[in-house]
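Written below as structure tokens is the structure these notes are about.
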Amino acid sequence: MILREAAESGTKAALITPDRSLTRQVTAALDRWAILPDDSAGRPLALSAPGRFLRHTAALLGQKLTADSLLTLLKHPLTASGPTRGPHLLLTRYLELKLRKTGPAFPTGPDLLEWAAARSDNALPWAQFLADSLQNLDQIPRRPLAEHVTQHRALSEAMARGLDPSGSGDLWNKAAGIEALALMETLTAEAAHGGTFSSAEYRDLFEALVNKGEVREPVRAHPNIMIWGTLEARVQGADLVILGGLNDGIWPKLPEPDPWLNRSMRKK
């Protein structure tokens, strides 16, 4: 409410906090009044559309496909994000009705093909595409990191492309897509030195990397409402300053573990 009042009165106001969870909550609250704050840290890559999409596809590796995970991926805005998006959504709706009503809970390629063959709306090519893209994902052995990255990227681009003959849909477009592509290319370049990974270890690695990414999108933010981290706040000023997240462990954050000096010794 304080930031909203500042926006209405023309007061330059800044929220200063290192707590990214708090900044997302504040941004969501301000959105109710169509106020977009100028966030110096941008947006976490993991919460962007490409970041979520890549996390969904990574979660399929080494796991038995469930109806929920399949529908989650099929409904994502970047799945089949080319010209075939409309028919894809329609078939996804029909497939969801079938899975919710009669299952199976763990659909396989033959299950999808059997469902499509019983229809008269040209669902068979779409089901064949899904069966080919998602087959044997639960049978991935321990292997070099480079092979995990290659399959992950190929699966992601195939699902984003849909039935289009080429391309990768809108997966690598816009600021978030560019950052996601840079992450995948960096991972590809360094994968040769990564050794061997199981599917679970690769998923954990990818989650850790994507959670570190940030996206700074070219948006027109409110000129008087800012969100700063502790570093940016040192060199900028505002008429109204709000300090958020003043909780022990967040700000100030807990000291890093030290193999030589414990906390009491460092106080001395």
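Counting only the backbone N, which residues of segment 218-247 are under 18 Å from the spot 7 Å out from the Cα of Thr11 toward its beta-carbon? It comes to 222-228, 237-244, nothing else.
With Rg and the Kirkwood Rh both taken from Cα atoms, where does Rg over Rh land for segment 54-215? Numbers along the way, then the final one.
Working: Rg = 16.1 Å, Rh = 16.5 Å.
Radius of gyration relative to Kirkwood radius: 0.98.
How large is ³J(HN,Hα) for each residue in segment 213-224, as worked out from phi by the Karplus curve 6.51 cos²θ - 1.76 cosθ + 1.60 (θ = phi - 60°), to whole Hz, x for Gly and Pro? Couplings: x, 9, 10, 10, 8, x, 10, 8, 7, 5, x, 10 Hz. Counting only DSSP H runs of at least 4 residues, each contributing -39500 (n - 2.57), and dividing by the residue count of the chain, the helix-based mean residue ellipticity at 222 nm comes to -15000 deg cm²/dmol.
Close amide H contacts of Val215 (hydrogens built in the peptide plane, cut-off under 5 Å, sequence separation of 5 or more or a different chain): Arg43, Leu45.
With each label modelled as a point 7 angstrom along the Cα→C-beta vector, the Ala41-Thr230 pair spans 1.1 nm. Computed from phi, the 3J(HN,Hα) profile of segment 58-72 under the Karplus parametrisation 6.51, -1.76, 1.60 (θ = phi - 60°) reads 5, 5, 7, 5, x, 10, 6, 5, 9, 4, 5, 5, 5, 5, 4 Hz, with x in place of Gly and Pro.
Taking the mean number of other Cβ atoms within 10 Å as a proxy for protection, how do you rank 73-85, 214-226 from highest to lowest?
Details: 73-85: 18.8, 214-226: 14.9.
The peptides rank, most packed first, as 73-85, 214-226.
Candidates Pro255, Ala28, Leu61 compared by Cα position along the dipole of the chain: farthest toward the positive end lies Pro255, with charges placed on Cβ. Along the axis of the charge dipole computed for segment 54-215 (Cβ charges of +1 for Lys and Arg, -1 for Asp and Glu, origin at the Cα centre), the listed residues Gly177, Leu70, Gln139 are led at the positive end by Leu70. Only aspartates and glutamates eight or more places from Lys12 in sequence, or on another chain, were considered; those with a Cα closer than 15 Å are Asp38, Asp39, Asp239.
For segment 23-91 versus segment 112-171, the inter-centroid distance based on Cα atoms is 18 Å. Full extension of the chain segment joining Arg119 with Arg263 gains 45.1 nm, where the gain is 0.36 nm per residue of separation less the Cα-Cα distance.
Using only Cα atoms, what Kirkwood radius does segment 6-47 have, in angstroms? Write down the numbers at each step before the final one.
Working: mean 1/r = 0.0882 Å⁻¹.
Result for segment 6-47, one decimal place: 11.3 Å.
For the chain, relative contact order (Cα pairs under 8 Å, six or more residues apart, normalised by length) works out to 39 percent. In this structure, the amide hydrogen of Asp38, modeled 1.01 Å from its nitrogen in the peptide plane, lies closer than 5 angstrom to those of His222, Ile225, Met226, Ile227, counting only residues at least 5 positions away or on a different chain.
Dipole magnitude for the chain: computed about the Cα centre from +1 point charges on Lys and Arg Cβ and -1 point charges on Asp and Glu Cβ, it is near 440 debye.
Here, each number is a calculation from the coordinates, and none is a lab measurement. Keep in mind that this is a model prediction, so the values were computed, not measured. Cβ sites come from the backbone with ideal geometry, for glycine too, and all protein chains shown count toward neighbours.
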